[in-house]
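S.K.: Take a look at this one; I'll ask things after.
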Amino acid sequence: MKVLLTGCNRGIGLELARQFSQDNEVHCLTRSVSDELSKLKTKTYLDFDFSNDEFLENTEVIPSEIDIAVFNAGMGFFDEDYLDIFTLLEQFMVNAISQVALAHRIQTKFKSGTKLVFISSVMGSTKDNSGQYYGYRASKAALNNLAKTLSQELKEYGITVLIFHPGYVQTEMTEGNGNITPDQSAKNIIDDIARFDINDSGIFWHTEDKCEIPF
Ligand SMILES: NC(=O)c1ccc[n+]([C@@H]2O[C@H](COP(=O)([O-])OP(=O)(O)OC[C@H]3O[C@@H](n4cnc5c(N)ncnc54)[C@H](OP(=O)(O)O)[C@@H]3O)[C@@H](O)[C@H]2O)c1
């Protein structure tokens with residue numbers, strides 16, 4: 001299978017790249033290449049910084065006939081104790097707008113049966129909002145909304161859109177805190193991609209607890 005990944009330089013995305021590359025052709029869109037990523041058997045494309053829109057000019061390098069695309073790149077300012085507009089904007093750009101704009105821009109590279117996965121967070125649930133983290137919560141809620149709209153647009157072409165929470169995972173983002181390792185999270189994500197099809201398109205799913213999450 002042909003797999004496309006964003007945010008594969010470290011954390012959950014790096015583990016997705018490692019596991020997928022064992023028996024698939026993996027294409028990584030990134031802005032930098034870590035030692036770990038460079039050791040994997042993947043094809044890497046630089047010039048994909050999601051904090052501005054310049055990456056949209058570089059999409060012709062992305063191969064067509066993609067089977068699975070995981071839009072995993074993300075960031076959070078978890079020490080924000082006030083509502084800073086530019087911090088908020090950057091999180092919207094990286095976590096939400098860039099990921100869905102990329103998928104939308106390259107839709108001709110997908111085919112009937114392709115599965116698109118957006119790595120969101122339970123913190124993007126408006127129903128379950130328990131406060132704090134303005135930018136991260138709002139940007140993941142925006143991601144969910146944009147991905148849901150995309151799921152409606154792509155349904156008639158047989159393209160499935162899934163919105164996944166990866167669990168509470170021990171990565172740089174959580175400063176090593178979490179219930180599970182990136183390796184386990186990547187396994188859960190890969191298993192759950194196989195579990196769903198076009199009839200589930202638009203679902204918001206908890207890959208650790210195996211349940212739907214309210215939007
Ligand atoms: N860890 C958790 O518990 C948890 C929980 C819920 C949701 N998530 C979501 O899961 C995804 C992966 O998180 P993680 O924990 O693996 O985080 P991480 O270790 O901080 O990795 C983040 C990844 O996103 C990339 N990235 C960040 N900003 C970027 C930008 N402007 N342009 C291009 N790439 C950028 C990073 O690349 P660089 O190395 O180049 O910075 C890195 O590969 C994120 O969407 C996150 O919100 C994580």
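The values are calculated or read from the model by the stated rules, or taken from the named source; none is laboratory data. A quick note: this is a predicted structure, and the numbers were derived from the prediction, not measured. Here the Cβ positions follow ideal geometry from the backbone for every residue, glycine too, while neighbour counts run over all protein chains shown.
S.K.: With the condition kept exactly as written, say whether any residue in the stretch 120-135 is within 12 Å of the ligand (Cβ to nearest atom), within 14 Å of the chain's Cα centre (by Cα) and part of a helix (DSSP H, G or I). Step through it out loud before you land on a result.
M.R.: We begin by selecting, within the stretch 120-135, every residue within 12 Å of the ligand (Cβ to nearest atom); these are 120-125, 133, 135.
Retained after the next criterion (residues that are within 14 Å of the chain's Cα centre (by Cα)): 120-122, 124.
Now drop any that are not part of a helix (DSSP H, G or I), which leaves 122, 124.
Scanning the stretch 120-135 turns up at least one residue that is within 12 Å of the ligand (Cβ to nearest atom), within 14 Å of the chain's Cα centre (by Cα) and part of a helix (DSSP H, G or I).
S.K.: Would you check if there is a residue in the stretch 80-92 being out of contact with any Phe, Trp or Tyr (no Cβ under 9 Å at 6 or more places or on another chain), surrounded by 13 or more Cβ atoms within 10 Å (Cβ to Cβ) and within 28 Å of Gly113 (Cα to Cα)?
M.R.: The answer is no; no qualifying residue exists.
Yes or no, residue by residue, for (1) within 13 Å of the ligand (Cβ to nearest atom); (2) part of a loop (DSSP other than H, G, I, E, B):
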| position | (1), (2) |
| --- | --- |
| Val117 | yes, no |
| Gln152 | no, no |
| Tyr157 | no, yes |
| Thr174 | yes, yes |
| Asp183 | yes, no |
| Asn188 | yes, no |
| Asp209 | yes, yes |
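S.K.: Filtering the stretch 177-196 down to residues that are touching a residue at least 60 places away in the same chain (Cβ under 8 Å) and closer than 27 Å to Glu153 by Cα, which residue is surrounded by the fewest Cβ atoms within 10 Å (Cβ to Cβ)?
M.R.: Phe196
S.K.: How many residues are without any contact (Cβ under 8 Å) to a residue 24 or more places away in the chain, closer than 22 Å to Asn95 by Cα and not in a strand (DSSP E or B) if we restrict to the stretch 16-51?
M.R.: 5
S.K.: May I ask you to list the residues in the stretch 48-97 that are acidic (Asp, Glu) and within 10 Å of the ligand (Cβ to nearest atom)?
M.R.: Asp49, Glu90, listed by residue number.
S.K.: Anything in the stretch 29-44 that is out of contact with any His (no Cβ under 9 Å at 6 or more places or on another chain) and polar (S, T, N, Q)? List them, or say none.
M.R.: Within the stretch 29-44, Thr30, Ser32, Ser34, Ser38 qualify.
S.K.: Shifting gears a bit: If we scan the stretch 164-174, do we find a residue that is surrounded by fewer than 22 Cβ atoms within 10 Å (Cβ to Cβ), at pLDDT 95 or above, over 29 Å from Leu88 (Cα atoms) and over 14 Å from the mean Cα position of the chain (by Cα)?
M.R.: Checked the stretch 164-174: no residue is surrounded by fewer than 22 Cβ atoms within 10 Å (Cβ to Cβ), at pLDDT 95 or above, over 29 Å from Leu88 (Cα atoms) and over 14 Å from the mean Cα position of the chain (by Cα).
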